[in-house]
Amino acid sequence: MTGFIAAIVEAYGELRVNKARVLLSLFGVAVSVFAMTGVLGAGGMLSSALQQAIERDMGRPTVLALQPTGSVETTGAAARRDDAVLETLDRLGMTQRSRTAQFSLRVQTPDGVWPVQVNAVDPDYAHMYRIRTASGRWIAPSDQERLAPALVVDDETYERLGRPPLGSATVTSYGSAPTDPAAQGPTASRSVELVIVGVLPPRPGESRDGALTAFVPSGALAQIPGGDEAVRQRSYLTWVPPEVQDGAMRQLRRQLEAVPGGPIEVYSMGMSPEDLGFDRVTWAIAGVAGVVLLLGALGLVNISLVTVRHRLREIGIRRSYGATGPRIFVGVLMESVVATTVAGLIGVTAAVAVVRAPFVQRWFADIGLVDLPPFPVSAVLIGLLAAIAVGALAGILPAAIATRIKVIDAIRA
């Protein structure tokens, strides 16, 4: 261990003496390590952003959708199906779950009555789809039994409503448009007061095209115009650990065959960036950075060979005083390794600083990053290991030449 540390100290001293010769070659190595680490780090964070964007649309990778294949004719039958499905989920220990149904409402705004696409969900829906409110709060369990149902709206709907105070101001909503022949009757003219409790942030990359969306508690559907029909068409979601996904799907299919409106089809909602081939793009870019790194290594080899030739007399004197061939080999090799390690540390530090810069973080947020992940440790390790490997490869040839120098010839030189 002492010899190894001594070799590192000796290599550092030689680098200080010959710093002018190796500076340019190490600059190329540092830039290459910076490029490789930055690409891998930014690629990892971009992959997280794409994953989170996919999860906001399709749910997390192991969210299971439970879709009834039949229909129920009465609200009572729908309630029995709810009880059977929720009881089965409880029995299987699937606590992250949500009922879900879609229907349309007409909402009174200062500019008139506007149609809104409404999703009736349970509180856990936000965890499955990475939903965060920009202001106010998300649907809570206590909202299921409110006399004035809670409403969470998107940014554009909130703008149309005139940005009323959250949690206190009410919004009047109606059933389907009376011009729809299928919507004639008491449901079409019925109205209910809703209370806006939360507002969602604008979706990254989406234009404000006038489409309005909102969320209400699934338990409040009976109070909302058109809610009875939505209850009969309701489906279910549950979020399970990845290692039990396949077994959970088989258990659910088997145990939900006889429920009203069944059997229930069970399938996975999720998708990953790897499914879209994004990982291949990241590694292709990293491969280009690796080629640049090898070019930097070639420059370092040339500089190391020149340095060894200039140190022939010094090496000969050290051999005459008893320095062995392996000691000379390790000394010359460690000069290259220490140099590239220092260059690698500089390149990695610069890459982390750039990727974690505020303007880069804002760009990731704009493309869909909800939860900001840390800089990938794997990118840092790959960058440092690549720098050390380049130093080892670049130092082997000069070190081998140094050990084959004859003492007499070296001293005469």
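Between L298 and R254, what length comes free when the chain is fully extended (0.36 nm per residue of separation minus the Cα-Cα distance, one decimal in nm)?
Numbers: separation 44, 0.36 × 44 = 15.84 nm, distance 6.31 nm.
Residue separation times 0.36 nm, minus the Cα-Cα distance, leaves 9.5 nm.
State, to one decimal in nm, how far the label point of R313 lies from the label point of D90, with both points 7 Å from Cα in the Cβ direction.
Placing both labels 7 Å along Cα→Cβ, they lie 9.1 nm apart.
Pop the C-beta distance of A79 and W283 into the FRET formula with R0 = 56 Å and round what comes out to the nearest 0.05. Could you put the intermediate results ahead of the total?
On the way: r = 52 Å, r/R0 = 0.93.
The computed FRET efficiency comes out at 0.60.
Using the per-residue mean of other Cβ atoms lying within 10 Å as a proxy for protection, in what order, highest first, do the peptides 56-68, 38-50 fall? List each step's numbers first, then the result.
Numbers: 56-68: 18.9, 38-50: 21.6.
Output ranking for 56-68, 38-50: 38-50, 56-68.
What does the extension gain come out to for V377 and S104, with contour length at 0.36 nm per residue minus their alpha carbon separation? Walk me through the numbers on the way to the answer.
Details: separation 273, 0.36 × 273 = 98.28 nm, distance 4.65 nm.
Working it through step by step, the gained length comes to 93.6 nm.
How many Å² of accessible area per residue for the stretch 71-136, probe 1.4 Å?
Details: 3120 Å² over 66 residues.
Using a 1.4 Å probe on heavy atoms only, each residue of the stretch 71-136 averages 47 Å².
Probe of 1.4 angstrom, ligands and nucleic acids ignored: what's the accessible area per residue over the stretch 325-367, in square angstrom? Before the final figure, lay out the partial values.
Numbers: 2000 Å² over 43 residues.
Accessible area per residue: 47 Å².
Hey, rough spin-label estimate for S168 and I396, points 7 angstrom out along Cα→Cβ, what's it come to in nanometres?
Rounded to a tenth, the inter-label distance reads 7.5 nm.
The values are calculated or read from the model by the stated rules, or taken from the named source; none is laboratory data. Keep in mind that what you see is a predicted model, and the values were worked out from it rather than measured. All Cβ positions, glycine included, derive from the backbone under ideal geometry; neighbour counts span all protein chains shown. Please note that ligands, DNA and RNA were not included when accessible areas were found on the heavy atoms of the full protein model with its side chains. Shrake-Rupley method; radii C 1.70, N 1.55, O 1.52, S 1.80 Å.
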